[in-house]
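Written below as structure tokens is the structure these notes are about.
The values are calculated or read from the model by the stated rules, or taken from the named source; none is laboratory data. What you see is a predicted model; the values in this text were computed from it and never measured. Counting neighbours? That spans all protein chains shown, and the Cβs are built from the backbone with ideal geometry, glycine included. Side chains included, ligands, DNA and RNA excluded: accessible areas come from the protein's heavy atoms. Shrake-Rupley method; radii C 1.70, N 1.55, O 1.52, S 1.80 Å.
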Amino acid sequence: MIVLGIETSCDETGVALVEDGGADGSRRIVSERLFSQLEAHAAYGGVVPEIAARAHVEKLDRLIEAVMDEAGLDFPGLDGIAVTAGPGLIGGLIVGLVTAKAIAAVHGLPFVAVNHLEAHALTARLTDGVAFPYLLLLVSGGHAQLLDVRGVGRYRRLGATIDDAVGEAFDKVAKMLGLGYPGGPAVERAAVGGDATRFALPRPMCQRPGCDFSFSGLKTAVRQAILDLGAEATQPRTVADLCASFQEAVADCLVDRTRHALVAHPNRRRLVVAGGVAANAVIGARLRALADGAGVTLSVPPARLCTDNGVMVAWAGIERLRTGLIDGLDAPARARWPLDAAAEPLPGAGVKA
Ligand code: KG4
Ligand code: ZN
């Protein structure tokens with residue numbers, strides 16, 4: 001089975017062909033293209049929805065052509081088309097959906113409307129062959145969630161952020177320190193060699209029961225520290241210490257909340273970390289130590305598949321098609337789309353994935 005995947009929910013135009021050999025368990029990325037719009041948004045310190053949608057329109061067709069050419073395939077040779085239908089920025093989602101629907105309609109191909117969070121959630125099954133069930137820590141620019149993943153389409157939310165997403169907190173701290181966008185990699189780089197104990201920053205929600213997160217107070221504490229420091233806040237040594245202290249506080253929060261999830265679900269022996277923040281090596285090491293201590297196996301997909309990409313969407317399409325889940329060509333773009341429909345709505349979440 002070969003499926004074309006298209007991702008346009010935020011600021012990456014991602015296209016890929018993924019093949020699943022079926023019974024023998026062989027699966028591979030046939031071809032992939034990713035166009036990052038970073039430069040287009042950098043001057044604004046965040047993603048501008050209108051600019052994002054236009055950039056997707058400009059790039060998408062050629063990226064699709066490129067992955068098809070590289071694979072030596074034409075559309076009738078595909079077994080399906082999968083596209084991110086939400087959650088995300090509505091303009092970009094519509095660009096991807098219209099394109100995917102047109103190809104599916106013209107060539108009579110099965111069409112799959114993929115939840116972006118599900119695509120992140122299932123990536124470790126492509127890269128590491130992870131079996132259901134598993135606990136998932138989803139940490140991206142739009143989310144901080146812990147989920148119990150029981151099967152394709154079967155997710156239970158154990159906890160989520162009550163305010164900011166974790167990647168968003170990285171991005172805002174980077175902006176305050178003038179480190180550029182996206183903030184996560186910039187903060188991680190700046191933190192190298194910094195003293196993580198120099199600034200006593202809060203660990204919101206830590207020690208509380210449950211698995212919910214909060215990052216807004218931590219971000220505010222960083223802002224206050226910068227104000228208190230005055231001119232000194234721009235010195236490289238201080239920037240490094242601030243970034244290291246912030247990153248350590250985030251890591252403490254993620255570890256504390258994930259520990260609660262592991263304790264509450266002792267029969268889950270696998271922890272998967274997904275989303276852009278999973279690319280952070282310091283956070284990754286802390287989560288690995290947690291998993292090792294709990295005797296749980298940790299899976300973190302390679303960094304390029306943790307951030308947004310077309311591969312994860314193609315793979316989610318394969319998983320859904322194998323489960324017999326096909327969508328109609330009337331599937332809408334959804335700015336918000338919780339993975340666990342039974343869970344309480346999230347405050348302001350889902351706008352960015
Ligand atoms: O999953 P993703 O590519 O897009 C969303 O669906 O949101 O995640 C992007 C987010 C951004 O907020 C970015 O700053 C963060 O992931 N990020 C990182 C790192 N790399 C990306 N955060 C911390 N450390 C990193 N190395
Ligand atoms: Zn994402």
Considering only protein heavy atoms, what is the solvent-accessible area of F75 at a probe of 1.4 Å, reported in Å² to the nearest 10?
-> 50 Å²
For I326, I103, the accessible-area ranking with a 1.4 Å probe, largest leading, is I326, I103
Leaving out ligands and nucleic acids, note down the accessible area per residue over the chain with a 1.4 angstrom probe, in whole Å².
-> 40 Å²
Residue order for H260, H143 - accessible surface, 1.4 angstrom probe, largest first | H260, H143
Tell me which residues come under 5 Å, amide H to amide H, from S31 once H is placed; ignore anything under 5 positions away on its chain.
-> L17
Alpha-carbon Rg/Rh ratio, for the chain, with Rh computed the Kirkwood way | 0.98
Along the Cα-to-Cβ line of C206, 7 Å from the Cα, sits a label point; which residues in segment 122-160 have backbone N less than 20 Å from it?
-> 137-140, 144-146, 159-160
In whole Hz, what ³J(HN,Hα) sequence does segment 185-197 give by Karplus (6.51, -1.76, 1.60; θ = phi - 60°), x for Gly and Pro?
-> x, 5, 5, 4, 5, 5, 7, 4, x, x, 8, 6, 9
Got a sec to turn the phi values of segment 318-327 into Karplus ³J(HN,Hα) couplings, 6.51 cos²θ - 1.76 cosθ + 1.60 with θ = phi - 60°, whole Hz, x for Gly and Pro?
-> 4, 4, 6, 4, 5, 8, x, 9, 10, 9
Note, segment 290-303: 3J(HN,Hα) by Karplus (6.51, -1.76, 1.60, θ = phi - 60°), whole Hz, Gly/Pro = x, goes 4, 4, 4, x, 8, x, 10, 7, 9, 10, 10, x, x, 3
Taking H as built 1.01 Å from N, whose amide H comes closer than 5 Å to the amide H of S214, not counting residues under 5 places away?
-> I162
Distance between Cα centroids, segment 224-281 to segment 98-157: provide it in whole Å.
-> 25 Å
Determine the share of the chain's accessible area contributed by carbon and sulfur atoms, expressed in whole percent, with a 1.4 angstrom probe.
-> 54 percent
If you take the alpha carbon radius of gyration of segment 1-114 and divide it by 2.2 N^0.38 Å, what ratio comes out, to two decimals?
-> 1.08
From DSSP H assignment alone, runs of 4+ in the chain each adding -39500 (n - 2.57), the sum over residues rounded to the nearest 500 puts [θ] at 222 nm at -14000 deg cm²/dmol
Exposure of K219 as accessible area (Å², to 10), given a probe of 1.4 Å and all protein chains | 20 Å²
Kindly count the pairs of lysines across the chain whose alpha carbons are less than 29 Å apart, treating pairs on different chains or eight or more residues apart as eligible.
-> 10
Taking the chain as a Gaussian network, where each spring joins two C-alpha atoms under 10 Å apart, which residue of M176, M312, M68 fluctuates the most?
-> M176
